[in-house]
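Visitor: Before I ask anything, let me first share the structure, which is written out below as structure tokens.
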Amino acid sequence: MRRTSFLLILISLLLLKPGAAAPPTGRDDTPGAYRLIFRGCYSGTGTAVVTPKFVMIRSKDLYDDAGNPIDFVVQKLTLENHRFHDQVSAGGTTIIITGRVDPSGGSLKKARLNCTFTAVGTGYGRVIGDHN
């Protein structure tokens with residue numbers, strides 16, 4: 001009986017399709033403008049523009065922990081397979097940024113951009129936003 005139950009459970013697991021929760025829509029809805037929120041060593045808001053090949057990020061009202069304004073502008077992060085990673089200079093600091101752009105589908109009603117960043121010598125942060 002135990003062997004039969006084990007085999008039934010195993011066969012059921014093998015029949016599950018990976019990614020069945022969010023079937024692909026057949027179109028990429030990630031390009032366009034995004035509203036962003038920054039948290040961590042830098043906090044505030046910003047915008048991003050996603051193209052099929054690049055991500056551009058710009059802060060609007062971004063401040064460090066001491067309340068000083070930060071000019072966070074990243075012109076071209078290469079986008080490959082909906083992911084990006086680069087080391088850039090922003091606000092006079094070296095920034096290591098890693099993230100992705102998720103298309104809508106499943107529980108996501110809009111495309112979403114999220115990334116983490118390290119401001120070398122300053123701290124860490126996270127950026128998240130949704131498609132306008």
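To keep it simple, each residue is scored yes or no on (1) at pLDDT 90 or above; (2) touching an Asp or Glu at 6+ places or on another chain (Cβ under 6 Å); (3) aromatic (Phe, Trp, Tyr); (4) open to solvent by 70 Å² or more (accessible area, probe 1.4 Å).
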site	(1), (2), (3), (4)
ILE95	yes, no, no, no
ALA111	yes, yes, no, no
CYS115	yes, no, no, no
ARG126	yes, no, no, yes
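Visitor: Could you tell me whether any residue of region 46-59 is touching a residue at least 24 places away in the same chain (Cβ under 8 Å), out of contact with any Cys (no Cβ under 8 Å at 6 or more places or on another chain) and among the charged types (D, E, K, R)?
Guide: yes
Visitor: Any residue in region 106-118 that's at negative phi: show its pairings with residues that are open to solvent by 20 Å² or more (accessible area, probe 1.4 Å) and among the small types (Gly, Ala, Ser) at Cβ separation under 7 Å, as long as the two are six or more apart or on different chains.
Guide: Listed pairs, sorted by first residue: LYS110/SER104; ALA111/SER104.
Visitor: Of the residues in region 30-73, how many are of a type outside the set (Phe, Trp, Tyr), part of a strand (DSSP E or B) and more than 17 Å from ASN132 (Cβ to Cβ)?
Guide: So the answer is 9.
Visitor: Looking for whichever is out of contact with any helix residue (DSSP H, G or I) (no Cβ under 9 Å at 6 or more places or on another chain), farther than 19 Å from GLY129 by Cβ, assigned to a strand (DSSP E or B) and at pLDDT below 90 here; the options are SER12, SER89. Which one fits?
Guide: SER89
The values are calculated or read from the model by the stated rules, or taken from the named source; none is laboratory data. Owing to the predicted nature of the structure, the values given are computational and were not obtained by experimental measurement. Heads up, the Cβs are rebuilt from the backbone with ideal geometry, glycines too, and the neighbour counts pull from every protein chain shown. What goes into the accessible areas is simple: the full protein's heavy atoms, side chains included, and nothing from ligands, DNA or RNA. Shrake-Rupley method; radii C 1.70, N 1.55, O 1.52, S 1.80 Å.
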